[in-house]
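The values are calculated or read from the model by the stated rules, or taken from the named source; none is laboratory data. This is a predicted model, so every value here is computed, not measured. Positions of Cβ are backbone-derived with ideal geometry, glycine not excepted, and every protein chain shown enters the neighbour counts. What goes into the accessible areas is simple: the full protein's heavy atoms, side chains included, and nothing from ligands, DNA or RNA. Shrake-Rupley method; radii C 1.70, N 1.55, O 1.52, S 1.80 Å.
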There are 2 protein chains.
Amino acid sequence: MGSTMSSPVAALLHYPFDPASRAARLALGEARVEFSESPVKPWESDCILNQVNPTGMPPVVRTLLDGRTLTLCELGAILGWIEDSARGPLLMPVDPVERAETRRLTAWFERRFNDEVNAVLLHERLEKAILKLGPPDARSLRQGREALRHHLGELEELLQGRDWLAGRRMTQSDLIAAAHFSVMDYFSEMPWASFPALKAWYVPIKSRPSFRPLLGDRFPGVAPPVHYADLDF
Amino acid sequence: MGSTMSSPVAALLHYPFDPASRAARLALGEARVEFSESPVKPWESDCILNQVNPTGMPPVVRTLLDGRTLTLCELGAILGWIEDSARGPLLMPVDPVERAETRRLTAWFERRFNDEVNAVLLHERLEKAILKLGPPDARSLRQGREALRHHLGELEELLQGRDWLAGRRMTQSDLIAAAHFSVMDYFSEMPWASFPALKAWYVPIKSRPSFRPLLGDRFPGVAPPVHYADLDF
């Protein structure tokens, strides 16, 4: 993280338990962007997101640029803007191999992890509670947890030869992964004990100042496990 | 398209009817990268993709970089590498508002269009044929076609005030959109007559040299409509 941005001021619309929203908060924090946070409820029909993002989904950042409003819809646009605005590479590595790896992992989380883990586990634990769709289904939970363990196993292996997911320095892929895992962790779904390298990688990320605001969010009716906000777990 | 790349040589692994693979071919073509194409069958367990991409999915590009093999897994890594390697912006616009718009649209196709249209229509028309899962289901087809029309309507509206999807110049989002539509078009699923602005946008893209190789691909047992490869339809 050698560079910083020239401190623009931004407004973030986010949902506190949406992994992409968490990744946006971490990235803005790491880039030292001065930003305000407005938590929103994307499932409500009058949610402001419907006016600013055609998909109606968080995260969205709004900032001023030469007197115009610049609206950044979706995590990719926010990360891209941070990188464009920085003096030199900020959340992207310099080495082409590590850049490719960062982008591969980003796509992995955006599609595969979302489809196989979030669409199952977060649906059962979070969406069903929000939309009052009844209790979680035991079989779906089991299937989602198996998929999660499979993904964690792949990343555990990756970390055998690397300090960070994409190589020698922290990148946006670490922030995206940590954002996903922190939501799982809140719902007591992270089997940390079985993945020591991942745990060792997560501790210093969780200790970063950018992470602190996330750890204070609470989901109605669900308390996080004791270790969740413990920086030394 | 002001810039070009310093003509590296690359090998592309792709599946001819995968929209992301088609977008990679278009982008490599537009960037004037000299590349060889190897069509692969990702659903076969011994597919070479399983050795090079942990997700087992196309597209993947391999190229040499200072004597090392640089493996670019997933469309995002390929597009990022093209942009990194170009002298100046190539498939990305320069204007920050248009850059944000390009990234928003890219995310739209990667997630929403994939989930709502491809996961339904391409599953029914393509995957079921490949995996011998029986004939398409009429209700799913109807649902997928409705979703497609909804997406096309959004883009049709966008094009009322713009020459290209993200603004004043052709960007990677145009190539990604055209890649998706060309697959739908092959299977006679594009209701062009109802979307005149989209049709007018598509004709010049389809006429580009980068598009020509795509139009020659054939899916076993399915002939494309007469207008499919007609550059003046």
Subset of the stretch A:30-64 [open to solvent by 60 Å² or more (accessible area, probe 1.4 Å) and at positive phi]: A:Arg32
Out of the stretch A:110-141, which residues are in a loop (DSSP other than H, G, I, E, B) and either among the basic types (Lys, Arg) or under 19 Å from A:Pro220 (Cβ atoms) (or both)? A:Leu131, A:Lys132, A:Leu133, A:Gly134, A:Pro135, A:Pro136
Look through the stretch B:102-111, keep the residues that are open to solvent by less than 10 Å² (accessible area, probe 1.4 Å) and facing chain A (nearest Cβ under 10 Å), and return whichever of them is farthest from A:Leu64 (Cα to Cα). B:Leu105
The condition of being touching a residue at least 12 places away in the same chain (Cβ under 8 Å), farther than 19 Å from A:Ala20 by Cα and under 18 Å from the mean Cα position of the chain (by Cα) holds, among A:Ser173, A:Ser207, only for A:Ser207
Is it the case that some residue within the stretch A:16-30 is among the acidic types (Asp, Glu) and either at pLDDT below 95 or assigned by TED's automatic domain parsing to the domain that holds A:His123 (or both)? no
With B:Pro196, B:Pro220, B:Pro225 as the choices, which residue is open to solvent by 70 Å² or more (accessible area, probe 1.4 Å) and modelled with pLDDT of 95 or more? B:Pro196
Looking at this structure, is B:Ile48 more than 7 Å from chain A (Cβ to nearest Cβ), touching a strand residue (DSSP E or B) at 6+ places or on another chain (Cβ under 7 Å) and not hydroxyl-bearing (Ser, Thr, Tyr)? yes
Scan the stretch A:65-101 for residues that are away from chain B (no Cβ under 11 Å) and open to solvent by 30 Å² or more (accessible area, probe 1.4 Å) and jot them down. A:Gly67, A:Arg87, A:Gly88
Among the residues of the stretch B:112-121, how many are facing chain A (nearest Cβ under 7 Å) and touching a Gly at 6+ places or on another chain (Cβ under 9 Å)? 0
Suppose we filter the stretch B:57-72 for residues that are closer than 12 Å to B:Leu12 by Cβ and over 14 Å from the mean Cα position of the chain (by Cα); how many remain? 5
